[in-house]
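This report refers to the structure that appears directly beneath it.
Nothing in this text is a laboratory measurement; each read-out follows from the coordinates by a stated rule. Given the structure is predicted, the values throughout are model-derived calculations rather than measurements. Here the Cβ positions follow ideal geometry from the backbone for every residue, glycine too, while neighbour counts run over all protein chains shown.
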Amino acid sequence: MANWSDPRPTASAFGASVPGTRGTTYDAGLRKYMLSVYNYMASGVLLTGIVALLFASGGRESLAAAVFLTPGPLKYIIMFSPLAFVMVLSFGINKLSVPAAQATFWAFSAIMGLSMSSIFLVYTDASIAKVFFITAATFGTMSLYGYTTKRDLTAMGSFLMMGLIGLIIASIVNIFMQSSMMEFIISAVGVLIFVGLTAYDTQKIKESYAEHYGADTLAKNAIMGALSLYLDFINLFMMLLRLFGNRE
């Protein structure tokens, strides 16, 4: 288990605070905490990509094609299974041990890979790679902004969450309408929402470090922070892919 640095002031043997130590200790602990969040997030994205590539290997003869191009309930099970893992982590994180939470996060990332393998049946490999790097650059820039800005992004976060709810409703409506114009609008607005959420979630994760001191709590918070950033990254990627991806 990670030996998290305690953000509270360091005291001398006589009970007095050591001048200048608190800031150094806090900064070192915060960097370690954020590095853990980014490591979880990046490794989750990597696992998702590897699983998606393997499942879609072979094109129209792949397992992905057999699942997503064939009528039946299996494709819907794979598509909606990641939601179950998100629910488990979101509502049951306090009941899970750190190893169990880690295992759930890795399982979620792998299942997401199965679900996202269908993009290789729709878009060219070159456009998927191009959009991935655009997403990575955009995500990195906005996450850095969220980490370094002195501006309180709470109000923006509340506005973005309302926008996200509207986006979900519009997406459900468009399942029945099948409007290409609405799909374009949903994707464009979605990019703006998830760009903003990346900055907001990063700031929220950074601030959460000061609120919890227990090693287990920090480790679990790191996993939940990684999940938030992972979802921001994946959704931003999918929105950009719909806008700029070249179809097969």
Test of understanding: in a Gaussian network model of the chain with alpha carbons linked when under 10 Å, which of 44, 140, 113 would top the mean-square fluctuation ranking? 140
By how many nm would the segment from residue 46 to residue 141 lengthen if fully extended, with 0.36 nm per residue of separation less the alpha-carbon distance? 32.3 nm
Label points 7 Å out from Cα along the Cβ direction at residue 125 and residue 204: separation in nm? 3.8
Subtracting the Cα-Cα distance from 0.36 nm times the residue separation, let me have the gained length for residue 246 to residue 57 in nm, one decimal. 66.2 nm
Label-point gap, in nm, between residue 180 and residue 32 - each point 7 angstrom along Cα→Cβ: 5.5
Separation between Cα centres of the range 201-248 and the range 73-106, rounded to whole Å: 15
Can you tell me which of 205, 77, 93 moves the most in a GNM of the chain? Springs connect C-alpha atoms under 10 Å apart. 77
Highest-MSF residue in the chain out of 102, 178, 203 [GNM, Cα springs under 10 Å]: 178
Value of relative contact order over the range 61-162, rounded to a whole percent, pairs C-alpha under 8 Å and six or more apart: 29
Simple label model, 7 Å out from Cα along Cβ direction - residue 158 to residue 103, nm: 4.1
List every residue whose amide H lies under 5 Å from the amide H of residue 123, counting only residues 5 or more places away in sequence or on a different chain, with H placed 1.01 Å from N in the peptide plane. 248
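What percent do you get for the relative contact order of the chain when only Cα pairs under 8 Å and 6+ apart count? Mind dumping the intermediate values first?
Working: 257 pairs, mean separation 69.9, N = 248.
It rounds to 28 percent for the chain.
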With unit charges on the beta carbon (Lys/Arg positive, Asp/Glu negative), name the residue among 110, 209, 219 whose Cα is farthest towards the positive pole of the charge dipole of the chain. 209
In what sequence do 195, 86, 173 fall when counting other Cβ within 10 Å, fewest first? 173, 86, 195
Using a 10 Å cut-off around each Cβ, can you sort 238, 181, 156 from fewest to most neighbouring Cβ atoms? 181, 156, 238
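When the Cα atoms of the chain are enclosed in a convex hull and the volume is divided per residue, what value in Å³ results? Please report the intermediate quantities before stating the final value.
Working: hull volume 33.8 nm³, N = 248.
Output value, Cα hull per residue: 136 Å³.
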